[in-house]
1. Distance in nm between label sites at residue 78 and residue 49, each 7 Å beyond Cα in the beta-carbon direction?
2. Gain in length, residue 38 to residue 21, computed as 0.36 nm per residue apart minus the alpha-carbon separation, to one decimal in nm?
3. Based on other C-beta atoms within 10 Å, arrange 18, 77 from fewest to most.
4. Mind jotting down the three principal axis lengths of segment 9-79 based on Cα atoms? Whole angstrom, largest first.
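Read-outs: derived from the displayed coordinates by stated rules, not from any lab. Nothing here was measured: the structure is a model prediction, and the numbers come from that model. Note that we place each Cβ from the backbone using ideal geometry, even for glycine, and neighbour counts take in every protein chain shown.
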Ligand code: SF4
Ligand code: SF4
């Protein structure tokens, strides 16, 4: 099986659903570690450990639910690279 062979359309559309176009990114200089965003993330992609907020890139679905509620605007959506 050729691993680099083009995927049939039905697989490509399934992959697009799984791979978000954008994901959340945190501005650590702005984030005050309040923890408000943590319970807002459906797949639990946000983690506050050792006083540093991180976004788990393989888990973030790009839903944007964390962005607007952040009181200091530390979360933005960036292109998934
Ligand atoms: S809500 Fe904003 S300031 Fe609070 S932990 Fe999340 S990113 Fe940081
Ligand atoms: S964009 Fe959605 S999935 Fe990603 S960290 Fe924010 S709330 Fe979680």
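1. Inter-label distance under the simple model: 1.9 nm.
2. Details: separation 17, 0.36 × 17 = 6.12 nm, distance 2.14 nm.
Here the segment from residue 38 to residue 21 would lengthen by 4.0 nm.
3. Details: 18 7, 77 17.
Listed from fewest to most nearby Cβ atoms, that is 18, 77.
4. 44, 19, 17
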